[in-house]
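These notes concern the structure reproduced below.
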Amino acid sequence: MRTALITGVAGQDGSYLAEFLLEKGYRVHGLARRIESAAVWRIAHLLPGEDDPEPRFFLHEGDILDAGFLRGLIDETQPDELYNLAGQSHVGLSFIQPARTMAVIATGTATVLEALHVHCRASGRQVRFYQAGSSEMFGDSSPPQNEDTVFRPRSPYGVAKLAAHNATTVYRDAYGLFACNGILFNHESPRRGENFVTRKVTLAAARIAAGQQNRLALGDLSVRRDWGHAADYVRAMWLMLQQEEPEDYVIATGQSHTIGDLLEIALGLAGLDWRRHVVSDPACRRPLEVDHLCGDAGKAARLLGWRPTVGFEALVAEMVEADLARYGLRPAQ
Ligand code: GDP
């Protein structure tokens, strides 16, 4: 039985990846900073019952900035694959908490890499490593962005992710670590945090339809993003670690949409005209914006055979349907 260790297991991607690996027959160890029930709702259904004869999912509480703890966790769990998904994941928040964002993403990744390196050297084991990189690293480089596009980050989050990306490459080159950088474009799902624009919009659509909210305050509506489904994207993470050689890959749908497109579909599905509800709020704008992200995942298609299975409209429909269901409602169309 193969064993995986996932940092950030309680996040959107961690939960989909844990599900995916358990279905593949893996033993999965997940690390979360806090494990009280409010913090782990996305993975609650995976936790084994008290009388489970053969549990395969194990939750650990700890912080990736604690080097000694991390080393002990890797020694104890003996993973074959380590997926580093932990970190402060919100670009807007990174302008308010730049130092914390840099610490947990950049220093945190360096801490994980060094703990892994020391473990591999001491034990003679091979552990494959996945680093969760982001399209935010491209910043204002023109689309379509691929693996050869210059990184020009425009946020503390982008800077931190780029440091983690570069650290991963250094460990691959210096020590022969089987390490892959995934450069994932925006990926969403009904499990997306409520402060990301897709979920903010689908939740508002449901609340407005239920008569519990009237206005939806947003920032810049003209930005374009390449939005895919998180379940498709975690499959790409796993595929990267199954190849002969470690490489970096862009994962994207290749289609971009504006926030206006998102509003049209989401509020439309809730039977609403978005122009009657959306208000512009300067507080929702960022000090610096990334205008257009649209990825070219040709390399992943060629080498991994990876293609997205869920398009933008189906993604938004799934999210709206899930949020409407919270209020006992169904899509209007
Ligand atoms: P990001 O691409 O990782 O920053 O994902 P987000 O979902 O947080 O934001 C996507 C885009 O939507 C960014 O360009 C934001 O500036 C823009 N946006 C406009 N209004 C809002 C808002 O009210 N909340 C968020 N989160 N983003 C907004």
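Among (1) surrounded by fewer than 23 Cβ atoms within 10 Å (Cβ to Cβ); (2) out of contact with any Pro (no Cβ under 7 Å at 6 or more places or on another chain), which single condition is Ser15 missing? Condition (1) is where Ser15 drops out.
Here Gly30 meets the list (1) touching a residue at least 40 places away in the same chain (Cβ under 8 Å); (2) surrounded by 22 or more Cβ atoms within 10 Å (Cβ to Cβ) almost entirely, failing just condition (1). Within the range 167-190, if we keep just the residues that are away from the ligand (no atom under 13 Å from the Cβ) and of a type in the set (Gly, Ala, Ser), the residue that is surrounded by the fewest Cβ atoms within 10 Å (Cβ to Cβ) turns out to be Ala174.
Condition check ((1) open to solvent by 30 Å² or more (accessible area, probe 1.4 Å); (2) touching a helix residue (DSSP H, G or I) at 6+ places or on another chain (Cβ under 7 Å); (3) within 14 Å of the ligand (Cβ to nearest atom)) across all residues:
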| residue | (1), (2), (3) |
| --- | --- |
| Arg286 | yes, yes, yes |
| Gly295 | no, yes, yes |
| Trp306 | no, yes, no |
| Phe312 | no, no, yes |
| Ala325 | yes, no, no |
| Pro331 | yes, yes, no |
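Assess whether Ile265 counts as being touching a helix residue (DSSP H, G or I) at 6+ places or on another chain (Cβ under 8 Å), touching a residue at least 12 places away in the same chain (Cβ under 8 Å) and under 21 Å from His90 (Cβ atoms). Judged against the criteria, Ile265 is not a match.
Scanning the range 151-168 for residues that are in contact with a helix residue (DSSP H, G or I) (Cβ under 9 Å, 6 or more places away or on another chain) and in a helix (DSSP H, G or I) turns up Pro156, Tyr157, Gly158, Val159, Ala160, Lys161, Leu162, Ala163, Ala164, His165, Ala167, Thr168.
When residues in the range 9-67 are screened for being touching a Lys or Arg at 6+ places or on another chain (Cβ under 6 Å) and either part of a strand (DSSP E or B) or among the acidic types (Asp, Glu) (or both), 2 of them pass.
Among the residues of the range 169-199, those that are part of a helix (DSSP H, G or I) and in contact with a helix residue (DSSP H, G or I) (Cβ under 9 Å, 6 or more places away or on another chain) comprise Val170, Tyr171, Ala174, Tyr175, Val197, Thr198, Arg199.
Applying the set (1) open to solvent by 30 Å² or more (accessible area, probe 1.4 Å); (2) among the small types (Gly, Ala, Ser); (3) touching a Lys or Arg at 6+ places or on another chain (Cβ under 8 Å) to Ala230 leaves exactly one unmet item: (1). Among the residues here, Ala106 does not qualify as more than 16 Å from the ligand (Cβ to nearest atom), open to solvent by 10 Å² or more (accessible area, probe 1.4 Å) and modelled with pLDDT under 95.
Looking across the range 194-223, the residues that are open to solvent by 40 Å² or more (accessible area, probe 1.4 Å), within 19 Å of Glu321 (Cα to Cα) and near the ligand (Cβ under 7 Å from one of its atoms) come down to Asn195, Val197, Lys200. Of everything in the range 133-148 that is free of Cβ contacts under 8 Å to residues at least 60 places away in the same chain and within 16 Å of the ligand (Cβ to nearest atom), the residue that is surrounded by the fewest Cβ atoms within 10 Å (Cβ to Cβ) is Ser141.
Among the residues making up the range 224-269, a single one is within 14 Å of the ligand (Cβ to nearest atom) and farther than 20 Å from Leu293 by Cα: Ala266. For Ala164, the stated conditions do not hold, so it cannot be described as touching a Gly at 6+ places or on another chain (Cβ under 9 Å), of a type in the set (A, V, I, L, M), in contact (Cβ under 8 Å) with a residue 12 or more places away in the chain and away from the ligand (no atom under 16 Å from the Cβ).
Among the residues of the range 81-121, those that are closer than 28 Å to Gly25 by Cβ and of a type in the set (A, V, I, L, M, F, W, C) comprise Leu82, Leu85, Ala86, Val112, Leu113, Ala115, Leu116, Cys120.
Ala99 falls short of the stated requirement of being of a type in the set (A, V, I, L, M, F, W, C) and modelled with pLDDT under 95. Identify the residue in the range 248-285 that is of a type in the set (S, T, N, Q) and in a loop (DSSP other than H, G, I, E, B) and, among all such residues, is nearest to Leu304 (Cα to Cα). Across the range 248-285, the extreme among qualifying residues is Thr253.
The values are calculated or read from the model by the stated rules, or taken from the named source; none is laboratory data. Just so it is clear, the model here is predicted, and its values are computed rather than measured. Here Cβ is always computed from backbone atoms with ideal geometry, including for glycine, and neighbour counts include all displayed protein chains. The area values use the complete protein model at the heavy-atom level, side chains included, leaving out ligands, DNA and RNA. Shrake-Rupley method; radii C 1.70, N 1.55, O 1.52, S 1.80 Å.
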